[in-house]
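Single-structure report; data block below.
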Amino acid sequence: MMAVTWKMSWRSSHSCSFPCNVKDPLEPQRIRNFRIDHLRSKNACKVLDKIAQRINLSVSELGIAHIATGSEKGIINDTDFGEISGTIYDACQEQGVNAMPGLLYWEGNLIDKKYITGQLSYYSREGNLGVGKICHALLIKTGICGDTIVGTALVNMYAKCGEIHSAMMVFNGMHSVDVASYNCLISGFLGNGMFDEALGFFAEMGVREIRPNHYTYSIMISGCGSVLAIDEGIQLHAHAVKLQYVLNGVVANSLLTLYCKFGMMEDAHSLFQSLPEKNIVSWTAIISGLYQQRAFEKALLQFYLMRQNGLEPNEHTLTIALSCCGGVKQFDNGYALHAQLVKNGMDSGVFVGTAIIDMYTELGQMDNAGKQLQGMGTIASVVSWNALIAGFVHNDKIEEALDSFHKMLVENVPSNEYSFSIILKACSSLPSLSTSKQIHCWVVKANFERNLHIASSLIEAYAKCGNLHDAENVFYQISMPDIVSWNCLVKAYSQHGYFRKALSLFRKMVVEGIKPSSSTFLAVLSSCSHCGIVQEGKELFESMLMNYNIIPEDTHYSCMVDLFSRSGQLEDALDFIKRLPIKPTASIWRPLLAGCRCHSNVQLGEYVAKRILELESHDASVYVTMSNMYFEVGRLADVVKQRELMTLKEVKKEPGYSWMEVKSKTYKFFSGDKTHPQTPEIYDLLEKLMIDFKDTNHDSSNMSAPHTQPGQNHDRKLLYHSEKLAVCFGLLNLPAGTPIRVYKNIRVCSDCHETMKHISKLSKRDVILRDNYRFHHFKQGGCSCGDFW
DNA sequence: CTAGGGTTAG
């Protein structure tokens, strides 16, 4: 892709280190003073590992509470604290985590319980298990870990760091536990998705006569929200009413969030109304609930109401409000809010700043989004960059997306898995194989290969760029492919025209115990439709609901109509539509119209056209198809009439549609009979046609030569037209009698004119089917003028 | 020890 002027390679990427999130290295001078010199020569990590191993031993086999001091039991031998301090500092550096400033004074302060719990709380927030474990070691050494508060802090540390098993060990070994200890443990279970265990310990509190407090209820209720346990949540609500906890702000707010999560807005509202004191979190919960329901206007209304009630929004509220402004697709709200934020100086935070970027991308105002990112300067995070890049991709500004990605790399913003996922989507939209390959290299280098999202994006990108082989390779390198990975490959086969392969991969997937999803069926049904295997398609469609409990959507119905129509069973298609449980949409009718044209059923075509126009009166494809259909049966007067109608109704013809004519000449081919569908004569004719196109369009087009100005869209236009070019070849394996569509705006690469050569060498295998039209790729290299192909 | 927010793949 020539428009991508930057080149990424293994060599150039070497200077950019990947995502090491080093936060401000604190007071290095102070730390240096405390460091023991001989430590520099030691491998700090090894020491850390050793200590960690010993701690695991102590947690699992001995039980912390029974240990008077670690040194007595030989858990930590003669390690002096100075050495441990140095090790902790190295560990912090290693893991990119801020070591607490006071850390190195531990030597003198170890007896202070309050201080040590503060340290533990800090490391639990940071999620630094390694340093947390060293804290644990120090506690064992001094023998103060038998204390309830210290023990609770340890439970919390392990729980927050995801080592729930160790948390439980510490908990079980404690001499005495209180509500707080239970709260920490329960919160840990819920944070690790272990709802049943949380519920078990919650029940145990009653048995041990430790009365749950409002924190306990708050934790439990929000846990219900995350595992979608609404029944339990309602029961807890009842409990909370009985214990008179509901009017407590924290419990009420977690209940509000729970109800909003389940879309139970009435319950949320009545609870909200009953609150004597609504704080900012209560309002935010309601606004967020409405936002999740996509009721953007209502959410904004609440937002204004809140301010009328004298509450000023905080960062949380503002981000949602901004998202709502993006959602309503009206500029006024967004501008007004943004202006206010600038005035208050609240637009400078990362979260709000990113939400502003996101809002502008939603509104399609990429200039403003870019300005916002620029204005944020160094505070812009990965997320901010990702939001901007995703915005470019969604607004179909692919080259800008690639440019931004490049800029992000240049500015040393550490990329994360989201960045790669979205930039791969950009590659597949272009589509550019060489860029995809470059990004793939970066993925490997950044050690994101094992990320399922990225792997799926890679499969998609390779498939869209025509490199089915590499798409397969990526898939087979995934150790545990999920449903999305499977879908990507099934879809890739389907899009490349390997329908049988798509179907057999689908069966393999089912055998391996993966439950197909809605998207799977879309790919599979489409395969059946293109293969013409109606019966199997019908059975698969029925099994969707019967065996997999997937409710068919419009797109599935559309596929089924296509299945019948393509194979000529027009009446069955009509019957299918009439028996649908929903009102048929234009997209459901459309494949039938295409079928009518293919099989020259003018009468039914007219009926279907009417239905579509009833639903979407400005659908240009209807007029174009009807006109072409009339043309094919020789009703030239009706051809003219369709065009007049279209002008009359001011229907705008979108790019991509073509009338059935090429200048004054008309070409119409049939793909021969079924036994010999691809005769040399057809190739000859088509080749002649190509030359014709080349001659007639070379200078008349308003497009200049591709690859001239980076950042312009020439490459895409070229590809777009080469898709059309490939149409001529792509239809070769369609049923006999299928008219070949001819387009007049086909261009060849005007730099090298090599398209012709490639096209003539093109085999059926190289032609990729994509929906109703096809595009091609060339396996080796491409035109001599660039890496475009 | 507690509630609320921003970016991905099909």
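Things to note:
- Proximal charge balance of residue A:339 [Cβ under 13 Å; K/R count +1, D/E count -1]: -1
- Cα centre as origin, Lys/Arg/Asp/Glu Cβ charges: the range A:553-653 dipole, Debye: 220 debye
- Spatial separation of Cα centroids for the range A:490-513 and the range A:256-276, in angstrom: 45 Å
- Gained length - residue A:429 relative to residue A:315, 0.36 nm times residue gap less alpha-carbon distance: 37.6 nm
- Rounded to the nearest 10 square angstrom, residue A:166 shows an accessible area of 10 square angstrom against a 1.4 Å probe.
- Charging the Cβ of each Asp and Glu at -1 and of each Lys and Arg at +1, and nothing else, the dipole of the range A:598-637 about its Cα centre rounds to 120 debye.
- Sulfur and carbon atoms: percent of accessible area, the range A:553-653 [1.4 Å]: 53 percent
- Taking other residues whose beta carbon is less than 15 angstrom from the beta carbon of residue A:212, and scoring Lys, Arg as +1 and Asp, Glu as -1, yields -1.
- Taking the charge dipole of the range A:469-509 about its Cα centre, with +1 at Lys and Arg Cβ atoms and -1 at Asp and Glu Cβ atoms, the residue from A:471, A:503, A:490 reaching farthest to the positive side is A:503.
- Order by protection proxy (mean Cβ within 10 Å, highest first), peptides A:416-426, A:612-622: A:416-426, A:612-622
- Across the range A:205-212, coupling constants 3J(HN,Hα) worked out from phi with the 6.51/-1.76/1.60 Karplus curve, θ = phi - 60°, read 4, x, 4, 8, 6, 9, 6, x Hz, and Gly and Pro carry x.
- Which listed pairs, of A:515/A:583; A:425/A:515; A:261/A:501, have C-alpha distances above 32 Å, in listed order: A:261/A:501
- Distance between modelled label sites at residue A:500 and residue A:643, nm, 7 Å Cα→Cβ extension: 4.4 nm
- Near residue A:514: Cβ cut-off under 14 Å, other residues only, Lys/Arg at +1 and Asp/Glu at -1. The net charge is +1.
- Where labels lie 7 Å past Cα in the beta-carbon direction, separation of residue A:176 and residue A:602 in nm: 9.7 nm
- Distance between the range A:427-454 and the range A:149-188 - C-alpha centres, whole angstrom: 42 Å
- Each of A:297, A:650, A:472 has its accessible area taken with a 1.4 Å probe; listed largest first, they run A:650, A:297, A:472.
- To the nearest 10, the accessible area of residue A:335 is 90 Å² with a 1.4 Å probe.
- Part-to-part distance (alpha-carbon centres) for the range A:310-371 and the range A:385-409, which is given in Å: 19 Å
- Listed residues A:470, A:575 arranged by accessible area, highest first, probe 1.4 Å: A:575, A:470
- The range A:553-653: relative contact order as a whole-number percent, Cα under 8 Å and 6+ apart: 21 percent
- Remark: the range A:553-653 is approximated by an ellipsoid whose semi-axes, taken from the C-alpha gyration tensor as √(5λ), come to 23, 16, 9 Å, largest first.
- At R0 = 35 Å, FRET efficiency that the Cβ-Cβ distance of residue A:125 and residue A:518 yields, to 0.05: 0.35
The values are calculated or read from the model by the stated rules, or taken from the named source; none is laboratory data. All values derive from a computational prediction rather than experimental measurement. Virtual Cβ from ideal backbone geometry, glycine too; neighbours counted across all protein chains shown. Surface accessibility is based on the protein's heavy atoms, side chains included, excluding ligands, DNA and RNA. Shrake-Rupley method; radii C 1.70, N 1.55, O 1.52, S 1.80 Å.
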